[in-house]
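So the structure is just underneath, and the comments pick up after that.
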Amino acid sequence: MKKFFISLMVCTLIFFAGCRMLRFAPDEVQKQNAWLHNRTVAMVSEVAQNEEASDKLRQLTDVAELQSRAFISYYGLPEEFPKADTIEDVLRKSNIGLAHTALAVSAQRPDAWQMVDAALQMGIGICALLGGVYGTRAVKFLKQAKNKSNALKEIIEGNELFKKAHETSTGEFKQAHRNQSPQTRKIVAELKH
C-alpha cells in the first residue's frame with residue numbers, strides 16, 4: 001500500500017510539474033550577474049534623473065531598478081561582488097563576459113538521467129525513513145528500478161556511440177531495432193533528448 005502511495009506521489013509530482021520546468025539552483029555567476037544588473041539599472045535610473053529625461057523614461061528606469069531587486073532577492077547575494085562602482089566599471093569586458101556566461105548557465109537544465117536518479121534516491125530515502133515491511137520492500141523495489149535505469153542509460157549511450165563510430169551501419173542498426181514497441185521507441189527517444 002505504501003509503495004503504491006509513494007509511486008502515485010512521485011508520478012503526480014512529475015505529471016504536474018513537468019520535467020522541462022526543472023532548473024539548477026542559481027550559481028555564483030548568476031548571483032553576480034543579478035547583482036551587476038541591479039547596479040547597472042540603478043546607474044541608468046540615476047543618469048535618467050540627472051539628464052532630465054522624460055517622466056516616462058524616469059518612471060521606467062525606477063520600475064526596472066525595483067524589478068532588478070527582486071532578481072537579487074530570488075538569486076541571493078554573491079559571495080564575491082564584481083567591481084561596479086562606476087559606469088566604466090560596469091562596462092568592463094569582464095562584466096560583459098560575466099553576463100554572457102550567466103546567460104549560458106541559465107539555459108542549462110538537468111538531464112533526464114540526473115532527474116530519474118535523484119527521484120529514485122529521494123524515494124529510497126523516504127521509504128527507508130518509513131521503515132517496516134512495506135518500507136523495506138519499497139527500498140528494494142526502488143533500488144532495482146535504479147539499477148534498471150542505469151542499465152538502460154548504458155545501453156542507450158552505447159548504441160549512440162556505436163552509431164557515431166559506424167555511420168555506414170546506421171541503416172542496419174535501425175533495421176535490427178524495427179520490432180521495438182511504440183512505447184519503447186518513445187521512451188528511448190525521450191531519454192536521448
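Where a number appears in this text, it was derived from the coordinates with a stated rule and is not lab data. Everything numeric in this text was worked out from a predicted model, so none of it was measured. Because the Cβ atoms are built from the backbone with ideal geometry, glycine has one as well, and the counts that use them run over all protein chains shown.
Let me know the Kirkwood hydrodynamic radius for the chain, please, with Cα pairs as the basis and the value in Å to one decimal.
Numbers: mean 1/r = 0.0465 Å⁻¹.
After inverting the pairwise mean of 1/r, the radius is 21.5 Å.
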Worksheet entry | Set of aspartates and glutamates with alpha-carbon distance to Lys143 below 17 Å, sequence-local pairs under 8 removed | Asp117, Glu154
Worksheet entry | Per DSSP, loop trypsin sites (Lys or Arg not before Pro) in the range 100-193 with at most 10 further Cβ within 10 Å | Arg178
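Check every DSSP H run in the chain and write down those whose alpha carbon atoms cover 20 angstrom or more along the long axis and whose mean Kyte-Doolittle hydropathy is 1.6 or greater. Mind dumping the intermediate values first?
Numbers: long enough: 2-17 (22 Å, 1.81); 28-50 (33 Å, -0.61); 55-75 (30 Å, -0.42); 112-130 (27 Å, 1.36); 132-165 (49 Å, -0.55).
Result, helices passing both filters: 2-17.
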Response to the item:
Contour minus Cα-Cα span, Ile156 to Thr101, at 0.36 nm per residue, comes to 16.7 nm
Discussion item. If every alpha-carbon in the range 25-106 counts as one equal scatterer, what log10 I(q)/I(0) does Debye give at q = 0.14, 0.21, 0.23, 0.26 1/Å?
Written reply: -0.47, -0.94, -1.06, -1.21
Discussion item. Suppose the chain between Glu167 and Ser73 were pulled fully straight at 0.36 nm per residue; how much longer would it get relative to their current alpha carbon spacing?
Written reply: 28.8 nm
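Could you compute the net charge surrounding Ile72? Neighbours are other residues with a C-beta less than 15 Å from the C-beta of Ile72; K and R count +1, D and E count -1. Could you put the intermediate results ahead of the total?
Working: positive: Lys31, Arg39, Arg69; negative: Asp27, Glu28, Glu65, Glu79, Glu80.
Result for the neighbourhood of Ile72: -2.
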Practice prompt. Starting from the Cα gyration tensor of the range 98-193, take the square roots of the eigenvalues, sort them a ≥ b ≥ c, and report rounded, prolate or oblate (rounded when a/c is under 1.5, otherwise prolate if a/b is larger than b/c, else oblate).
Written response: oblate
